[in-house]
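K.L.:
Sharing a structure here in structure tokens format.
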2 protein chains.
Amino acid sequence: MSKMLQESSVDGSGSRFTPLVVAELAPDTNQETIAWLLSRIRDRQQNGGDGDSFLSMAECQHIIKHELDTLRAKDETHVPGHDSAKLYPGKSIVRRLQSKGILIQIFPLHENEELKRLSFSWYKRVKLSLQPLDEIRHYYGEGQALYFGFLEYFTFALMPMALIGVPYYLFDWEDYDKYVIFAAFNLVWCTVILEFWKRCSASLAYRWGTLSRKKAFEEPRPGFHGVLGFNPVTGREEPVYPNVKRQLRVYLVSVPFVLLCLYVSLYIMMIYFLMEGWALSVHAEEPTFWTEVLLYIPSIIYAVVIEILNLIYRYAAEFLTEWENHRLESSYQNHLVLKVLVFNFFNCFASLFYIAFVMHDMALLRQSLATLLITSQILNQFMEAFLPYWLQRRRNKKMTRKVQKRKTLDEKQLPLIEQVRLEADMSTYLGTFDDYLELFLLFGYVSLFSCVYPLAAVLVVLNNITEVYSDAFKMCSVFKRPFSDPAANIGVWQLAFEAMSVIAVVTNCSLIGMSPQVKAYFQDSDQQLIFWTVAVEHTLLAVKFILAFLIPDVPKHIQIQLARLEYESLEALKKRTLFIRTENQSLSLSAEKTDQDKEYHTIYTFCEDGIRLLHH
Amino acid sequence: MSKMLQESSVDGSGSRFTPLVVAELAPDTNQETIAWLLSRIRDRQQNGGDGDSFLSMAECQHIIKHELDTLRAKDETHVPGHDSAKLYPGKSIVRRLQSKGILIQIFPLHENEELKRLSFSWYKRVKLSLQPLDEIRHYYGEGQALYFGFLEYFTFALMPMALIGVPYYLFDWEDYDKYVIFAAFNLVWCTVILEFWKRCSASLAYRWGTLSRKKAFEEPRPGFHGVLGFNPVTGREEPVYPNVKRQLRVYLVSVPFVLLCLYVSLYIMMIYFLMEGWALSVHAEEPTFWTEVLLYIPSIIYAVVIEILNLIYRYAAEFLTEWENHRLESSYQNHLVLKVLVFNFFNCFASLFYIAFVMHDMALLRQSLATLLITSQILNQFMEAFLPYWLQRRRNKKMTRKVQKRKTLDEKQLPLIEQVRLEADMSTYLGTFDDYLELFLLFGYVSLFSCVYPLAAVLVVLNNITEVYSDAFKMCSVFKRPFSDPAANIGVWQLAFEAMSVIAVVTNCSLIGMSPQVKAYFQDSDQQLIFWTVAVEHTLLAVKFILAFLIPDVPKHIQIQLARLEYESLEALKKRTLFIRTENQSLSLSAEKTDQDKEYHTIYTFCEDGIRLLHH
């Protein structure tokens, strides 16, 4: 286990150890600071060890990150060599170094051999097999692997829809009133796939050992600030920030801001409809090929504007959520996701809802949906894959030129110091947020309205396939290797997708109720029609919730495995307790009892023990 | 700690120990069997001890029950003295004895002194204070205490509605079109109280130490049968029953049976409407006082029939669920609760829904609701309190006469043997199922339709108050003391009440939409009216789910306490791990690793350790 703290501390030639994590310090850091930091890190490392055979590289890197993050000041009042960087007992050293700009970044190194193998089996050859999820997990950790697993699952789940969509398109079945069957299919589909994903995800997480993972205590996030106080849980001195103040910021600033943004988005939507009307009137006056093209222009412009708005809003949301000063990263993430989801949903789908349920114009809905979907896919692929690729190429060329000056031509492998330099300059991967968000919106297009434009599923499938390749490429060649994060599921996104599927039930039922076919059936009474639509919709929602309740989230055989594991550790504990008792050592292993809680506590062994394991 | 295995083994005079649990064996049991059973029980008891100061009596009794239930055969092939009672290694001895009728019953003894204190502070004096929940919990365990806590909470939650209901009744505001405000109030009310009950329940469970209780491994229920096979979890030999067979029984027999019962209930409802129509026509022909009374007769008869149907169905449901042969008690309970809830809901509310939404007759709805509610309350109180009380009195008298023959008159305290005999004859308390079911139906009457009959809340409050007293009386004087069951919440009933509150939102929205006031507002378009009703209803449902999501189930201060507890035990474990390491004992306390699961396991100490604690 090793950490390179500065380029100077790395011996560029034959290094005995496998480098795992790089911490880049500012170029002007004092030698005193470096010496202190090294001594503090080594303080913890009683004896080195190599965990390669036991833990995956990604796990080792995660553990090192955890250990660095929990490196705390003892009695230092400031960082040696930097009087302005104040410390107090219990303050995370790395966080202070980062916030003061002394520590520029910490990142894990790529392993070239493994990366080559992984990228070859992943995206470098065109193939019909599945993604190598286990290898992805081994290299990048569970969070990444689950994202790619979900992407793959989602693509396969779309296949039936795409297959039905193609004949609809080819044989021109889509005369806007045959969509009832398709809407009904949508309805069942979007409920079922989400339920089964939960089981898939549980199987993956079980295989990777994260399924019954306990959350470790969360540290305050780096940006969190406040006056010094006492943590009610640990009793440690740390910054505290009154919850009331945060709530005020959320409800008096953030909520009105989001509402304002929604209003702006609505306003722009209205401008789009004006443009649409104008284009239509021009085309109606004197129809030529060019006026036909003109019909698509407003939608394209609107789609581009939507993407730009989403982008700007994203930054604003990040700024606002940062300003709300959440103590925990998870709370920050929840508030950010909620803000972004609400706006993106509204921004992308408001016009479609308006066309469908206020204007009742199915032809326009179809055209608008197609333009929005295609334009946003093109824009996304460009922003996500080609742009970073091109930037990276330029950087790589510059770098290679520099490197080639120094090394002889027959040396195939870059010296370690050059690899570190090269990777330090690569872009930082910002997590799976944007990737999931894109999938969420695609899921929305497909589940909400694809019955009027069955080709949507086909487009999304094609998009997803290229997405797998471009994302894989990005992960392997464009970005710095990210720290792995152990995850048991896709977290808040499962909830987001489920909320979307509920909305899809309501939307599809309304679309069915509005279809000419159904209307013809209820010719005499509009009231009857609406009543039955609502009744059917309620029944479907009820069935959906009952289904979600009945289908176990974890497959049976895994439930049994988990129960067996628990049973065995219980039996083992019983035996040990007996053993200890006979040895006459009264370790208080059995029930603990406090005044407040008579519970026979659970004693946890956490990830932290993993560190020690690595040490001895 | 002691168990009395037969009356003969109890020395009637000055017994040194406090008797806790009674196990009644069949009168013709062989001495050989008794000797063997005693030796097997004593086998486990290495040394006696008294846990009074540490655990409550209810907890001690629970532990004895658990220990008896997990007393397993080693190499016995049959119960000594009963060749027909086969045993195999790992078979629960007590279950076999029970199934063969050798062991008639096991029950904990009342403690007369404590019972007197408890019943005095609970129901023997009329008072305005709250119920002594902590004392109830101490005597009967958490499951009972939570039921009484919920009953009390529910009564208080109904107070605002009752208070609004009284002026509605007094000033005759209830002209069937002013009920909009009341319906809107209902809507908010039933969502809010359930959310806050969760917090209350968490507070109580935290105080009693059951909040973060882990479920112990469930044993197969006594009635479960099947061919001998291997348990996939424990690897022990035990009866197994293929799940497919059980599913077939559920879907091919139970579900059709329930549907048939629903059909019968529907048929009877139709007969009720015929009777109702006939009474109405008689009254219309020649209105006298007697025809006025006649108007109420069909409803009363119908209410009685409903109660009878519920009772018969209840036995049928128990028989069917028993026949489905569920392996676990929890699975049996879930299937039983689902069957009973569906039928009871339909049976009690179908006629009201029909009157409200098909006949649109608000006057009849009101009359029907009132009659149903009052009749069922009277019947319930009679069946639940007076009948067992009267039976008990008769039994007691007989007993006392017998006892008095033997003992001298100045002896106030019954000898232990007489107390055991007396209590063995008392009825067995069958759990909180029926009590919760009754509350569930009352909650339904109030939340679904009370806007048309605001006095309903008042009636339910009155009923609940008498219910507290009659239930308390039953628990203390009519029934054998039940074994305590540690519970953290009201379990499946929370879900049932929440489902009812969702239905209440739909119902109240429809009632509002149908009210003359609202109809007058949308005079020109029925379509608009329905559309807005549905839109408002969907919004309310969405708000309801968001609220349920936002309000934390566990109050903040308890969350902090739990986190602190976890943190402290983690810190303690760290220290101990270090200590053990320095002592050079490589107890594998740190992370365990199996092939299947890389997780750093949690090591549990269960309730079972409590038994050992009691022993040494």
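The values are calculated or read from the model by the stated rules, or taken from the named source; none is laboratory data. Just so it is clear, the model here is predicted, and its values are computed rather than measured. Because the Cβ atoms are built from the backbone with ideal geometry, glycine has one as well, and the counts that use them run over all protein chains shown. SASA here: full protein model, heavy atoms, side chains in, ligands and nucleic acids out. Shrake-Rupley method; radii C 1.70, N 1.55, O 1.52, S 1.80 Å.
K.L.:
Taking 0.36 nm per residue of sequence separation and subtracting the Cα-Cα distance, how much length would be gained by fully extending the chain between A:ILE104 and A:VAL188, in nm to one decimal?
P.N.:
Additional length available on full extension: 25.2 nm.
K.L.:
With viscosity set to 1.306 mPa s and temperature to 10 °C, compute the Stokes-Einstein D of the stretch A:60-143, Rh being the Kirkwood radius across alpha carbon pairs; µm²/s, no decimals. Mind dumping the intermediate values first?
P.N.:
On the way: Rh = 15.8 Å.
Value of D from the Cα-based Kirkwood radius: 100 µm²/s.
K.L.:
Now, a different point. Go from 0 up to the bin containing the longest alpha carbon distance in the stretch B:372-528, width 10 Å each, and give me the % of pairs per bin.
P.N.:
That works out to 8, 26, 25, 17, 11, 7, 3, 2, 1, in percent per bin.
K.L.:
Additional query: Pop the C-beta distance of A:ILE378 and A:VAL240 into the FRET formula with R0 = 45 Å and round what comes out to the nearest 0.05.
P.N.:
0.40
K.L.:
At A:VAL342, with labels set 7 Å past Cα in the Cβ direction, how many nm apart are the copies from this one, shortest first?
P.N.:
3.9
K.L.:
Convert each backbone phi in the stretch B:327-340 into a coupling constant with the Karplus relation 6.51 cos²θ - 1.76 cosθ + 1.60 (shift: θ = phi - 60°), then list the ³J(HN,Hα) values in order as whole Hz, x for Gly and Pro.
P.N.:
Result, ordered by residue: 6, 9, 4, 5, 5, 4, 4, 4, 5, 5, 4, 4, 4, 5 Hz.
K.L.:
Provide the solvent-accessible area of B:ILE378, counting protein heavy atoms only and rolling a 1.4 Å probe, rounded to the nearest 10 Å².
P.N.:
In the full protein context, B:ILE378 sits at about 110 Å².
K.L.:
Between B:VAL227 and A:PHE230, what is the spin-label point distance in nm, taking each point 7 Å from the Cα along the Cα→C-beta axis?
P.N.:
Result: 6.6 nm between the two label points.
K.L.:
Mind checking the full-extension length gain between B:GLU318 and B:ARG199? Use 0.36 nm per residue of separation minus the Cα-Cα distance, one decimal, nm.
P.N.:
Result: 39.6 nm gained on full extension.
K.L.:
Would you mind working out the accessible area per residue for the stretch B:213-266, using a 1.4 Å probe, and quoting it in Å²?
P.N.:
Value for the stretch B:213-266: 62 Å² per residue.
K.L.:
Could I ask something else about it? Taking a 1.4 Å probe, which of B:LEU511, A:LEU211 shows the most accessible area, and what order do the others take after it? Intermediate values should be presented prior to the final figure.
P.N.:
On the way: B:LEU511 0, A:LEU211 45 Å².
Accessible-area ranking of B:LEU511, A:LEU211, largest first: A:LEU211, B:LEU511.
K.L.:
Which order do B:ARG366, B:ARG42, A:ARG395 take when ranked by solvent-accessible area (1.4 Å probe, heavy atoms of all protein chains), largest first?
P.N.:
B:ARG42, A:ARG395, B:ARG366
K.L.:
Could you tell me the distance between the Cα centroids of the stretch A:498-529 and the stretch B:431-467, to the nearest Å?
P.N.:
Going from one Cα centre to the other spans 37 Å.
K.L.:
Using a probe radius of 1.4 Å on protein heavy atoms only, what is the accessible area buried between chains B and A, both sides summed, to the nearest 100 Å²?
P.N.:
On the way: alone 33580 and 33470 Å², together 60150 Å².
The B and A chains share an interface burying roughly 6900 Å².
K.L.:
What residues in the stretch A:558-574 lose 10 Å² or more of accessible surface when the other protein chains are added to their chain alone (1.4 Å probe)?
P.N.:
A:ILE560, A:ALA563, A:ARG564, A:LEU565, A:GLU566, A:TYR567, A:SER569, A:LEU570, A:LEU573, A:LYS574
K.L.:
Rank these by accessible area, largest first, 1.4 Å probe: A:PHE483, A:PHE349.
P.N.:
So, going from the largest accessible area down, we get A:PHE483, A:PHE349.
K.L.:
Rounded to whole Å, give me the distance from the Cα center of the stretch B:539-556 to that of the stretch A:209-287.
P.N.:
Using only Cα atoms to place each centre, the spacing works out to 19 Å.
K.L.:
Using the per-residue mean of other Cβ atoms lying within 10 Å as a proxy for protection, in what order, highest first, do the peptides A:427-438, A:547-558, A:331-342 fall?
P.N.:
A:331-342, A:427-438, A:547-558
K.L.:
Continuing with this model, one more query. Between A:HIS78 and residues 5 or more places away or on another chain, which pairs have amide H atoms under 5 Å apart, with H built 1.01 Å from N, and which residues are they?
P.N.:
Sorted by chain and number, the residues that satisfy this are A:LEU87.
K.L.:
Over 21 Å between Cα atoms, which of B:LYS398/B:LYS474; A:LYS65/B:LYS575; A:LYS65/B:LYS556 qualify?
P.N.:
Table pairs above 21 Å Cα-Cα are A:LYS65/B:LYS575; A:LYS65/B:LYS556.
K.L.:
Next question, about the same structure. State the dimensionless ratio Rg/Rh of the stretch A:491-561 (Rg: radius of gyration of Cα atoms; Rh: Kirkwood radius).
P.N.:
1.19
K.L.:
Kindly report, to the nearest 10 Å², the accessible surface of A:MET269 as traced by a 1.4 Å probe over protein heavy atoms only.
P.N.:
Accessible area of A:MET269: about 10 Å².
K.L.:
With label points built 7 Å along Cα→Cβ from the Cα atoms of B:LEU130 and B:TRP390, find their separation and express it in nm.
P.N.:
3.7 nm
K.L.:
Suppose R0 equals 56 Å; then what is the FRET efficiency for B:VAL518 and A:GLU113 from their Cβ-Cβ distance, rounded to the nearest 0.05?
P.N.:
For R0 = 56 Å, the calculated efficiency reads 0.15.
K.L.:
Continuing with the same structure: Heavy-atom accessible area of B:TRP36 with all protein chains present, probe 1.4 Å, nearest 10 Å²?
P.N.:
Here the residue's solvent-accessible area equals roughly 30 Å².
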